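Working notes for the structure below.
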Amino acid sequence: MAINTLIPAEKALEIVLKDVRPIGDETLKLKHASNRILSTDLASLRTQPPFDASAMDGYAVKQSDVASLPTDLKVAGEAKAGTPYAGSLENGEAVRIFTGAVVPENADTIIIQENTLAENGYVKVLEGTPKGKFIRLAGLDFTEGEVLLHASDKLTPNRLALAASMNHAQVSVYRQSKAALLSTGDELVLPGEATQPGQIIASNTFGIAASVENCGSQIIDLGIAVDTRDALRAKIIEAITRDVDVIITTGGASVGDHDLVLPVAQEIGFEFEITKIAMRPGKPFLFGRFHHKGKTIYLTGLAGNPVSSLVAFNVFVKPLLQTLSGQPLQMLNRLPAVLGCDLPQNDERAEYMRATLVTSEEGKRIATPFTKQDSSMLANLVRADCLVYREVKASVAKQGDACEIVLIS
């Protein structure tokens, strides 16, 4: 397939993810592993709880001693968390016990303290408890050797707590992919800087950087390169020398005289398979590979228009970064809805249209695309609740017709 072919989005994603594998793993202390992705299954190193434990404050007794109530029992001692009762419970005795403490030998019932009166070394049991109630049996939660966490699980706060309870001080996780971000264009200045006639603010620098971090990847910001071959070449070589996995450029991805990403990257040695996508927004999109010192470095060239770059990032670059970091893919899943307005026939590019979304009294999702869909309009992207997807050469659609949407988080 020639690289200047207009490639369908589905085919382009197949090309991007072809032969991509996680880049490796590393061992981290548990306190440094938050939100990282496990690279191996994790089996428990212990049983939890490791002993029969009281679930309440009260008294450990024999059920046979509280068959007839009220009754007085001699308090033989105390059991608290971390300090078990040293002896064995005898007939007519009770042991004062606290939540988390080991249930004494021969005890089979916990009487909660609210149902007792304690006085002069004795406890009067006023109300009974079924045998075994309020006792957490050893292994109630899990047992030693049980696999509770699995490869590709994200270490959320709940899973981190479980790993700690399983007695793992460190875990094996996939390495985070490292992405270099390079904005291109003589017209770009950073927010807060003075603009000259014809200059604009570099918004992609921030939107794409945040998107990379949301993928769990590390970001290296290479700043803004002016539109010269030397400047662009120096920035790409800098990214390579910093051992990145992916280079993400914004701007300069089309075919104009000043769109230099493709020819400069080719001179360096990148081999490209994609230069444009049959998708709106996001038609200009570059994808190439460069083999360097035993590893593959990927280059994804996004359009300069901010909406195009953000949509293309989510469709193509996000799955690439997730795969490299061993994460489960989070694709742009399409959901059923109905249109809130008429739409004309679509052309040769699949389209993602920014739209509002409401729910009817009957529970139907109603998506209404904005009249203006220019790929430079970021405010409309923020106002949108969803993207209405239209396939290549979709027919004229009427208000109330079925459609597919992608929710915007």
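Each value in this text was obtained by applying a stated rule to the coordinates, not by laboratory testing. The structure presented is a predicted model; accordingly, all values stated were derived computationally and were not measured. With ideal geometry, Cβ positions are generated from the backbone for all residues, glycine too; neighbour counts draw on all protein chains shown.
The aspartates and glutamates within cross-link reach of Lys276, meaning a Cα-to-Cα straight distance under 17 Å and a gap of 8 or more places when in the same chain, are Glu10, Glu14, Asp257, Asp259, Asp347, Glu348, Glu351, Glu391. In the list (1) 31.6, 97; (2) 20.7, 68; (3) 20.2, 62, the label attached to Rg and Dmax of the Cα atoms in Å as derived from the coordinates here is (1). Computed from backbone phi, the HN-Hα couplings of the range 341-355 come to 7, 6, 9, x, 5, 8, 9, 7, 10, 4, 10, 10, 9, 5, 8 Hz, rounded to whole numbers (Karplus: 6.51 cos²θ - 1.76 cosθ + 1.60, θ = phi - 60°; Gly and Pro given as x). Taking a label point 7 Å from the Cα of Val392 along the Cα→Cβ vector, which residues of the range 350-377 have an amide N closer than 16 Å to it? The answer is 350-352, whose backbone nitrogens lie closer than 16 Å to the label point. When only Cα pairs under 8 Å and 6 or more residues apart are kept, what is the percent relative contact order across the chain? Reported relative contact order: 16 percent. For the range 53-136, what D do you get in µm² per second when you plug the Kirkwood radius from alpha-carbon pairs into Stokes-Einstein at 37 °C and 0.692 mPa s? This corresponds to a translational diffusion coefficient of 273 µm²/s.
Computed from backbone phi with θ = phi - 60° and the Karplus coefficients 6.51, -1.76 and 1.60, the 3J(HN,Hα) list for the range 322-328 is 5, 5, 4, 9, x, 8, x Hz; x is used for glycine and proline. Extending 7 Å from the Cα toward the beta-carbon at both Ile201 and Leu30 defines two label points whose distance is 4.5 nm.
Note on the chain: helix-only mean residue ellipticity at 222 nm, from DSSP H runs of 4+ residues weighted -39500 (n - 2.57) and normalised by residue number, equals -5000 deg cm²/dmol.
Going through the cross-link list Lys31/Lys318; Lys154/Lys178; Lys154/Lys372; Lys235/Lys283, which pairs have a Cα-Cα distance over 28 Å in this structure?
Numbers: Lys31/Lys318 26 Å; Lys154/Lys178 18 Å; Lys154/Lys372 39 Å; Lys235/Lys283 24 Å.
Beyond 28 Å: Lys154/Lys372.
Maximal additional length on extending the Asp347-Thr371 stretch stands at 7.0 nm, based on 0.36 nm per residue less the C-alpha distance. For the range 79-123 and the range 173-212, compute the distance between their C-alpha centroids and round to whole Å. Here the two parts' Cα centres lie 66 Å apart.
Distances between placed amide hydrogens fall under 5 Å for Ile408 paired with Cys386, Leu387, all partners being 5 or more residues away or on another chain. Counted by neighbouring Cβ atoms within 10 Å, the residues Thr249, Thr323, Thr195, Thr40 run from fewest to most as Thr195, Thr40, Thr323, Thr249.
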